[in-house]
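J.: Please read through the structure below; I'll follow up with questions.
The values are calculated or read from the model by the stated rules, or taken from the named source; none is laboratory data. In this text, all values refer to a predicted model and were calculated from it rather than measured experimentally. Glycine also receives a Cβ, built like all others from the backbone with ideal geometry; neighbour counts cover every protein chain displayed. Remember, those area values only see protein heavy atoms, side chains included, never the ligands or the DNA or RNA. Shrake-Rupley method; radii C 1.70, N 1.55, O 1.52, S 1.80 Å.
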Amino acid sequence: MSTYIFGDIQGCYDELLALLEQVHFEPDVDRLWFAGDLINRGPKNLETMQFIMGLNNPIVVLGNHDLHFLAVAMGAHDVMPTDTIADILNSQQSSQIVDFIRAQKLAHHDPASGFTMVHAGIPPFWDLPTLLRRANEVESVLSGTAFERFLTDMYGNEPSKWKDELTGNTRLRVITNYLTRLRYCDTDGTLELKHKASKRPQGFEPWFNIQRTTAMKIVFGHWAALDGVTNQPNIVALDTGCVWGRKLTAMRLEDRQIFSTPARKTYQL
């Protein structure tokens, strides 16, 4: 039995199948984890979701594109020009996909391997118990009756820093931004959400370069510009820009071997 952790698929279903064939995936015994951004920007979002929902107990953490899909599907946000989620929105399975995504996590920890999976990052001052508690705050709202209001209030870059006294959807927004949008922050955890390239903005560092209060083994996606390179032995980046015409990447958890398959085309410029 092997466990394969996939970076951002974003609807690149053909590449997902090619990578599964490359690793000789055995659905009856192997396990699949997904580091978020399952859908959007790529060509086959419906097929991607149908496949993942048909798996035996997949482990999924949500990315910013997955949450954006929920917001659009529930009428909490308009479709954006670069969105490619019409195939799901127009599908008879749309409500089932909404329900599936609402039930997923924002952070997952595997005690056996010691690895923790998030989509984007973890602020340096959160230890593992704190991370899981904060993620659960958002997860509980997503799966509850107040989720539509949260989706409406989810967008925005403020507050840019965690404070324990934050409440309501303002509190949930900064948690969500850390876990699904974080790239750069400072030592106090102040978010810098405008820069996406690998060249850091002045005064900020990649979140994984800031010394943590407690050591963690982390696997994440989201940051395609890194091309899978963090220079940190226990921090593994898996978004290698398939939707941008580069490659789809997965890691086998048991030995940390990396597998990749090239994108069939450039889906986003």
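J.: Identify the residue in the range 72-89 that is hydrophobic (A, V, I, L, M, F, W, C) and not in a loop (DSSP other than H, G, I, E, B) and, among all such residues, is surrounded by the fewest Cβ atoms within 10 Å (Cβ to Cβ).
T.: A86
J.: Of the residues that sit in the range 137-152 and are under 14 Å from L106 (Cβ atoms) and free of Cβ contacts under 8 Å to residues at least 24 places away in the same chain, which one is most open to solvent (accessible area, probe 1.4 Å)?
T.: So the residue we want is S140.
J.: I've got another one for you. Is there a residue in the range 13-20 that is within 22 Å of R246 (Cβ to Cβ), surrounded by fewer than 17 Cβ atoms within 10 Å (Cβ to Cβ), touching a strand residue (DSSP E or B) at 6+ places or on another chain (Cβ under 8 Å) and among the hydrophobic types (A, V, I, L, M, F, W, C)?
T.: yes
J.: Any residue in the range 217-233 that is closer than 14 Å to G121 by Cα and in a helix (DSSP H, G or I) sitting within a Cβ distance under 9 Å of a residue that is of a type in the set (S, T, N, Q) and open to solvent by 20 Å² or more (accessible area, probe 1.4 Å)? List the pairs, counting only those 6 or more apart or interchain.
T.: Filtered contacts from the range 217-233: L226/S198.
J.: What are the residues in the range 228-265 that are of a type in the set (D, E), touching a strand residue (DSSP E or B) at 6+ places or on another chain (Cβ under 8 Å) and either surrounded by fewer than 21 Cβ atoms within 10 Å (Cβ to Cβ) or more than 23 Å from L128 (Cβ to Cβ) (or both), if any?
T.: Scanning the range 228-265 gives a single hit, E254.
J.: Another question, then. If you take the residues in the range 153-199 that are open to solvent by 60 Å² or more (accessible area, probe 1.4 Å) and touching a Gly at 6+ places or on another chain (Cβ under 9 Å), which one is farthest from G228 (Cα to Cα)?
T.: Of everything passing the filter in the range 153-199, K161 is farthest from G228 (Cα to Cα).
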